[in-house]
Amino acid sequence: MSTIRISRTHGTTVKKAKEAVESIAAELAESFEIDYEWDGSTLRFQRAGVEGTMVVGRKTLEIDAELGFLVSMLKPRIEREIHRFCDDQFGPEG
């Protein structure tokens with residue numbers, strides 16, 4: 001297994017940050033058949049070969065994902081897409 005751990009700051013409200021996370025989760029669900037659900041401020045997601053969480057804090061977004069063997073070959077691409085999403089939604093990393 002391979003792990004992705006990304007922590008980003010955001011300068012918005014928790015509500016707006018959760019709306020941004022919800023939009024990417026819905027897009028991923030449609031494109032890659034990923035199941036997700038909210039538990040408070042934590043979005044849990046999974047599908048064959050990947051599972052993880054996105055935790056929305058007052059000023060941070062914490063993303064943790066465990067990638068199975070086959071999906072781990074895509075780790076660099078997945079990390080780039082996560083950073084692109086965060087840049088688009090919250091601005092470039094400072």
If you project the alpha carbons of the chain onto their three principal axes, what span does each projection cover, largest first, in Å?
36, 27, 20
Can you tell me the orientation of helix 14-32 relative to the chain, as the angle in degrees between its alpha-carbon axis and the longest Cα principal axis, to the nearest 10?
20
Region 23-94 accessible area per residue, 1.4 Å probe, protein heavy atoms, integer Å², reads 66
Connecting C-alpha atoms closer than 10 Å in a GNM of the chain, tell me which of Gly40, Gly11, Gly52 has the biggest fluctuation.
Gly40
Tilt, helix 75-90 to longest principal axis of the chain (alpha-carbon atoms), in degrees rounded to tens, equals 20
Could you name the lysines in cross-link range of Lys59, using Cα to Cα under 24 Å and dropping any fewer than eight places away on the same chain?
Lys15, Lys16, Lys18
Enumerate the calculated ³J(HN,Hα) couplings along region 61-72 in order (Karplus 6.51 cos²θ - 1.76 cosθ + 1.60, θ = phi - 60°), each rounded to whole Hz, writing x wherever the residue is Gly or Pro.
10, 10, 10, 10, 9, 9, 9, x, 3, 5, 5, 4
Treating only the Cβ of Lys, Arg, Asp and Glu as charged (+1, +1, -1, -1), what charge dipole size does region 9-94 show about its Cα centre? Round to the nearest 20 debye.
300
In the chain, the GluC sites (Glu not before Pro) that sit in a DSSP loop and have at most 14 other Cβ atoms within 10 Å of their own Cβ are Glu33, Glu93
Where does the longest stretch of the chain lie that holds no trypsin sites (Lys or Arg not before Pro) found in a DSSP loop with 13 or fewer other Cβ atoms within 10 Å?
1-57
In whole percent, and with a 1.4 Å probe on the protein chains, what portion of the accessible area of region 37-94 is carbon and sulfur?
52
Under 11 Å, Cβ to Cβ, from Gly57 - net charge with Lys/Arg +1 and Asp/Glu -1
+3
Helix-only estimate, please: 222 nm mean residue ellipticity of the chain, summing -39500 (n - 2.57) across DSSP H runs of length 4 or more and dividing by its residues, to the nearest 500.
-13000 deg cm²/dmol
With an 8 Å Cα cut-off and a minimum separation of 6 or more residues, compute the relative contact order for the chain in percent.
36
Give, as a single signed number, the net charge of other residues whose beta carbon lies under 13 Å from the beta carbon of Ser41, with Lys and Arg counted +1 and Asp and Glu -1.
+1
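The values are calculated or read from the model by the stated rules, or taken from the named source; none is laboratory data. This one's a predicted model, so the numbers in the text were calculated from it and none came from an experiment. Neighbour counts run over all protein chains shown; Cβ positions are idealised from the backbone, glycine included. Each accessible area value is taken on the protein alone, full model and side chains, heavy atoms only, with ligands, DNA and RNA left out. Shrake-Rupley method; radii C 1.70, N 1.55, O 1.52, S 1.80 Å.
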